[in-house]
Amino acid sequence: MAKINLLPWRQEYRAQKQKEFQQVMVAVVLIVAAAVFGWMKIVDEQIVDQNAANQILKNRIKELDIQVREIKDLKKRRQELIDRMRVIQELQGNRPLAVRYFDEIVQATPEGLWLNSIERKGNKLSISGVAESNNRVSSFMRNLDQSDWYDSPALAGVTASPRFGEQASSFKLTVNVTGRKQDEEQSAVRK
């Protein structure tokens, strides 16, 4: 048999295969590098897009914070207006009460009793005056106690005043201003 030396052919074949392998490796490295570069570009674009979305959200949050502050200010002003309206309504509702209080005092005052001063502090009314007799003062206190607008008259002091008559006396008393007792009793019954 003839001697065939396949060694040079094998070396050429190996060299060709190694060259192909290196070309494939270079192509794979280039493809991987391109893929990594593309992936990095996509991630960078996503980061930029997310930052833009975050900035839009921050701007919107600032706008909403301003609106929330305005709403709080409006609620505060509304409450102040409601409080003012309530005070005005109470004042208008209580305006005829002063007339009613004086009318009740006039009705409770018996003949022979004169009032010198009336002073109100809170729900306490201080009354001073002169009576022809102590019975007139007692009658005045009973009438105040029976009134729908006054409660618990208390005598603070009685002194003789002979310049107004033999049995005349000056007196000072306090009484609670209660408003209408009947209204309170009716509201209690309704509850």
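The values are calculated or read from the model by the stated rules, or taken from the named source; none is laboratory data. Bear in mind the structure is a predicted one, so any value in this text is a computation, not a measurement. Because the Cβ atoms are built from the backbone with ideal geometry, glycine has one as well, and the counts that use them run over all protein chains shown.
Worth pointing out:
- Identity of the residue in region 159-178, of a type in the set (A, V, I, L, M) and over 18 Å from N143 (Cα atoms), that ends up surrounded by the most Cβ atoms within 10 Å (Cβ to Cβ): A168
- The one condition in (1) over 22 Å from K172 (Cβ atoms); (2) in the same structural domain as L173 (by TED's automatic domain parsing) that G122 fails to fulfil: (1)
- From R136, R78, residue being out of contact with any strand residue (DSSP E or B) (no Cβ under 7 Å at 6 or more places or on another chain) and either part of a helix (DSSP H, G or I) or at pLDDT 90 or above (or both): R78
- Residue match in region 108-119 (condition: at pLDDT 90 or above and among the aliphatic types (A, V, I, L, M)): no
- Qualifying residue in region 69-83 (condition: over 30 Å from T178 (Cα atoms), hydrophobic (A, V, I, L, M, F, W, C) and not assigned by TED's automatic domain parsing to the domain that holds I127): yes
- A154 at pLDDT 85 or above and among the aliphatic types (A, V, I, L, M): yes
- Pairs with Cβ under 9 Å, 6+ apart, first in region 123-144 and buried (at least 20 other Cβ atoms within 10 Å of the Cβ), second basic (K, R): I127/K172
- Criterion (closer than 12 Å to V175 by Cβ, aromatic (F, W, Y) and out of contact with any Cys (no Cβ under 6 Å at 6 or more places or on another chain)) met by exactly one of F102, F140: F140
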